[in-house]
Amino acid sequence: MIALLSVLCVLGVGGLLAVLLCRWPRLSGAVGAWSAILACAVGFVVSARLLLAGATTDWQAPWLPQVGGALHMAADPLSALFLAALFLVCGLSALYGLRYMDHGRGGLRAGLAWLWYDLLVASMALVILSRNALLFLVAWEVMAIVSFFLVTHEDERQDSRLAGRIYLIATHLGTVFVFIFMLYMARETGSLEFDAWRNVGSGLSPLAGGWLFVCLVVGFGTKAGFVPLHIWLPEAHPAAPSHVSAVMSGIMIKTGIYAILRLLPCLGFPPLWWGWCLVVIGIGSGVLGVLFALAQHDVKRLLAYHSVENIGIIALGLGVGLIGVSLNMPLVAVLGFAGGLLHVVNHALFKSLLFLGAGAVARATGTRETDRLGGLLKRMPGTGAAFLVGAAAISGLPPLNGFVSEFMIYWGSFAGVNTGPGVAAVPLMLGIAGLALIGGLAAACFAKLFGIVFLGEPRTAEARDARESPPAMFLPMAILAACCFGIGLGAPFAFQVLRPVLAGVIPLPQLSLTFEAIAGADAFLAVSSVAFLALVLVLTVAAFRRLHLSRKNEGSTVTWDCGYAKPSARMQYTASSFAQPLVGLFSTVLRSRRKFRMPAGLFPSESSLETETRDVFRDRLFTPAFKGVDRWLSFLKWLQSGRVQLYVLYIVITLLALLVWALKVQA
Amino acid sequence: MKAIGLIHYVLALALAPLLLGTINRVKALFAGRHGPPLFQVYFDLGKLLRKGAVYSRTTTWVFRSGPVVALAATALALGMIPMAGQAAPLAFTGDVFVAVYLLGLARFFTVLAALDTGSAFEGMGASREVQFSALAEPALLVGLVALGRLTHSLSLSPAYAGVGPELWSAGGVSLALLAVAFFVVLLAENARIPFDDPNTHLELTMIHEVMVLDHGGPDFALITYGASLKLWLFASLLAGLIIPVRQGPEWLDTAAALGGVFVVGCAVGMVESCMARLRLLRVPQILFAALVFSALAFLLQMR
């Protein structure tokens, strides 16, 4: 625990030094980044050891005892799992950021960016470590605010400022529900300690429990990005610098999932509808997230929508697990939670890999528009290969890690469908169908993204002149890609590591029997053997092909274009045209806008087509709702005269009223 | 793993191109032609392997890896498909999902190889392929999971071993619905009429054939062989459902299962002879219908 505390201190001090040294940009950047890298390296080793040992550490110090606060931190296997992912991704992103931030302007702004980055890492770690509601809320709030500063890093751009504002409002609205939850729990138990909340559940009425569950899902779901609370995600993630997007998308949104997992057991034994609820949220977020991603043109915006999709898969896993718990089907419960938890880690790995890759592309070409890129694999072979690994992993394809977590959810659902009663089989079957649809659509989306950005011919001069990223930026991507392969090939080991975490999350007796049953069913062993076999088979066929072709003559020419004499790069299929059939099929939800200028006249010269897919939930749900609130509150505008004397008067009146009320209560 | 499973696997690897030949022969008979020899696909493969290769200067290693990954993944997926009620060489809990996702891997690389050429035609084919497969995948998985519930098993091999006359009399409606759904998915996934016309001459209207337009020589041989393996895979999924002949000596069961696969091939040929290709806009509707059939087969067991 002392090691983890010193990690937090190093992060804070390093960030402050980066600001103080901002007169020397190189030094400041190096201090800011290296303190994060070193702290994360230590933190990763400590948390990985905790996780592997399945151990728990606890640390307490007095802090604001009058209001029930305490500096109470602990790391159990659940925390250790999230911490390990956090430190790995944040350390690698910092290494990447060291070179990535180089090309921006230096000075105070760069120094501040490192301060915010280091504080973001520290506050996320604190969120995961804290066991006291007050400490948790402080860390939660610090996390929200420093990430707001990172989102508005390029604050001269209007879209960055707008993104920051949307993010700030969304996160605080979510926090309101978190407050309600925590205040209720504090009132029930008279304590702000999470440990004291553990037995509240049995005393709650079903109605109160239900409302608390809703508060939990809405409050933390806003941070996690459940549809329709996701609207800040596609705005905020693209606006931040790429290594920050990687951290926000890979880790920060997972703190919402962590908090749900941490606090859900306090609410006691889950009724069936909680599982239903999460399964439906999961399918909705997954399918809508990937559909909106398909329709995007901006690489980072597309990736941000994919975070919504993957959060959906995680929620689906947790929902399957909850259904298993409430119907006392331990196999379903264990596999559902295991899939959800492993997907948290997997998504952290491949999504940060993809964001880092997208940042490398943006840095090399100066654009994030998919349709202005192309042919980058030849110019950036390392980045391209790493990006391909990430793309295949996020599409859930074997032999990579995304498949392992989805397999767990599939297996759990399948087991429930086979043996469970109808109330379990129907939602679980829905989950299987939803996951299959999500998988197919995600593969479509990433075939589009990788195909248009990295393959074919460059569509613009910027893309043609792109250069490979420096090694310090490539190395983090290579490590993340290797991790994707590692988990993909090591499914039994991954499940073994998850066991202590699962034992802490699932409130069912005799879980060890289920663990043994799962380990005995040798499905994970088979999955990893098949993954190895796939690699071996691919290499064998490739070797056969190579050997066979070495004896033949090989020619090169232009792509077959049906005899057309002058092909140009602009004639290639674009991302919009690639996605059009699917976008058209789901136009009822996507509502893409098209601006089409038809070619006219006998010798048509110019024509154009613009498509834009805005977020339906933002346009149709939140904008009207906020406008309504705005209109409603404008009746109170006369209160706001701008004269200080009047405001003092308001304060006096309020105080008087309170005084009268207090006297009355006493009497 | 029993030896019989391996024998079935080797038989599948060897006979898969014959299935394509059978379909072509049936189509020729329906059209009143004599048609190419049954073994024409083998001759084609041999000829392609003897040729050299020509690559577009636009392409990268992704283009070259497309056929390789597609063949390897399909061959591996085929190893999980049981035949004649015997366990497949690779049979384990949840193998359904692994098999379907391996096919997804094959498709992913085929699509990327198509996009690597930078040709608008191949982009079109790739775009259609991902659209239709994204809809076919849920139909197939829901169907296979429903079959799992019918037979109380979590793996393909015991599930197919459990299909028999008793199951047909107990849950015949479900099985029939599943068979229809699987047949639709077979036609869509293997680019057959009415979803795609493997013999059309117009690149604009193709799906699968246009994606592999730039592959030639040995690469195209890998693709053709991979495609025939995939067809065999789906045909044996369907044949195991509709022709559950069991209890005889093993060689008789095997012969019946092989016969079933070729019966499915003949059915494909007949459908191709009697139908025209659908408009592309209609395809998603048919695939949704297949999903509904699978879901109905599942819901009927909820009674």
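None of the figures in this text is laboratory data; all of them are computed from the coordinates on show. As the structure is a prediction and not an experimental result, all values here were calculated from the model. As a convention, Cβ positions derive from the backbone with ideal geometry for all residues, glycine included, and neighbour counts pool all protein chains shown.
State whether one or more residues within the stretch A:453-462 are more than 14 Å from chain B (Cβ to nearest Cβ), free of Cβ contacts under 8 Å to residues at least 60 places away in the same chain and part of a helix (DSSP H, G or I).
Yes, the conditions are met somewhere in the stretch A:453-462.
Listed residues B:Tyr101, B:Tyr160; which is hydroxyl-bearing (Ser, Thr, Tyr), surrounded by 21 or more Cβ atoms within 10 Å (Cβ to Cβ), free of Cβ contacts under 8 Å to residues at least 24 places away in the same chain and part of a helix (DSSP H, G or I)?
Sole residue among the options that is hydroxyl-bearing (Ser, Thr, Tyr), surrounded by 21 or more Cβ atoms within 10 Å (Cβ to Cβ), free of Cβ contacts under 8 Å to residues at least 24 places away in the same chain and part of a helix (DSSP H, G or I): B:Tyr101.
Restricting to the stretch A:131-151, name every residue that is small (Gly, Ala, Ser), surrounded by 24 or more Cβ atoms within 10 Å (Cβ to Cβ) and within 24 Å of A:Ala236 (Cβ to Cβ).
Hit for the stretch A:131-151 is A:Ser147, nothing else.
List the pairs whose first member sits in the stretch A:475-493 and is within 12 Å of A:Phe387 (Cα to Cα), whose second member is in a helix (DSSP H, G or I) and among the polar types (S, T, N, Q), and whose Cβ atoms are under 6 Å apart, counting only residues at least 6 apart or on separate chains?
A:Cys484/A:Asn401
Looking for whichever is in contact (Cβ under 8 Å) with a residue 60 or more places away in the chain, hydrophobic (A, V, I, L, M, F, W, C) and within 14 Å of another protein chain (Cβ to nearest Cβ) here; the options are B:Ile81, B:Ile4, B:Ile23. Which one fits?
B:Ile81
Quick one: B:Leu38 ticks every box in (1) within 14 Å of another protein chain (Cβ to nearest Cβ); (2) outside any helix (DSSP H, G or I); (3) within 26 Å of B:Leu238 (Cα to Cα) bar one, so which box is it?
The single condition B:Leu38 does not satisfy is (1).
Could you say which residue among A:Ile394, A:Ile479 is within 13 Å of chain B (Cβ to nearest Cβ) and hydrophobic (A, V, I, L, M, F, W, C)?
Residue meeting the stated conditions: A:Ile394.
Among the residues of the stretch A:423-451, which ones are closer than 14 Å to B:Ala295 by Cβ and free of Cβ contacts under 8 Å to residues at least 60 places away in the same chain?
Residues satisfying the conditions are A:Ala425, A:Val426, A:Met429, A:Ile432, A:Ala433, A:Ala436.
With respect to B:Gly172, determine if the residue is more than 9 Å from chain A (Cβ to nearest Cβ) and either in contact with a Lys or Arg (Cβ under 9 Å, 6 or more places away or on another chain) or aromatic (Phe, Trp, Tyr) (or both).
Criteria not met by B:Gly172.
If you go through the stretch A:465-474, how many residues are surrounded by fewer than 16 Cβ atoms within 10 Å (Cβ to Cβ) and not in a loop (DSSP other than H, G, I, E, B)?
So the answer is 2.
Condition first: surrounded by 24 or more Cβ atoms within 10 Å (Cβ to Cβ), assigned to a helix (DSSP H, G or I) and of a type in the set (Phe, Trp, Tyr). Can you find one or more residues in the stretch A:230-237 that meet it?
No; the residues of the stretch A:230-237 include none that is surrounded by 24 or more Cβ atoms within 10 Å (Cβ to Cβ), assigned to a helix (DSSP H, G or I) and of a type in the set (Phe, Trp, Tyr).
Which one is farthest from B:Met83 (Cα to Cα) among residues in the stretch B:246-263 that are in contact (Cβ under 8 Å) with a residue 60 or more places away in the chain and surrounded by fewer than 24 Cβ atoms within 10 Å (Cβ to Cβ)?
B:Phe262
Can we say B:Ser133 is within 16 Å of B:Gly94 (Cα to Cα), out of contact with any Pro (no Cβ under 7 Å at 6 or more places or on another chain) and among the small types (Gly, Ala, Ser)?
no
Spot the failing condition for B:Ala120; the list is (1) within 7 Å of chain A (Cβ to nearest Cβ); (2) crowded, with 24+ Cβ neighbours inside 10 Å; (3) aliphatic (A, V, I, L, M), and only one is missed.
Every condition holds for B:Ala120 apart from (2).
Of all the residues that make up the stretch A:22-71, how many are in contact with a Ser or Thr (Cβ under 9 Å, 6 or more places away or on another chain) and among the hydroxyl-bearing types (Ser, Thr, Tyr)?
Matching residues across the stretch A:22-71 total 2.
Please list, ordered by residue number, the strands (runs of 3 or more DSSP E) wholly in the stretch A:527-612 having 1 or more residues that are surrounded by 10 or more Cβ atoms within 10 Å (Cβ to Cβ) and more than 8 Å from chain B (Cβ to nearest Cβ).
Filter on the stretch A:527-612 gives A:593-597, A:608-612.
Cβ-Cβ below 8 Å, separation at least six or inter-chain, first residue in the stretch A:549-570 and farther than 18 Å from B:Glu122 by Cβ, second of a type in the set (D, E, K, R): which pairs?
Final answer for the pair search is A:Lys552/B:Lys51.
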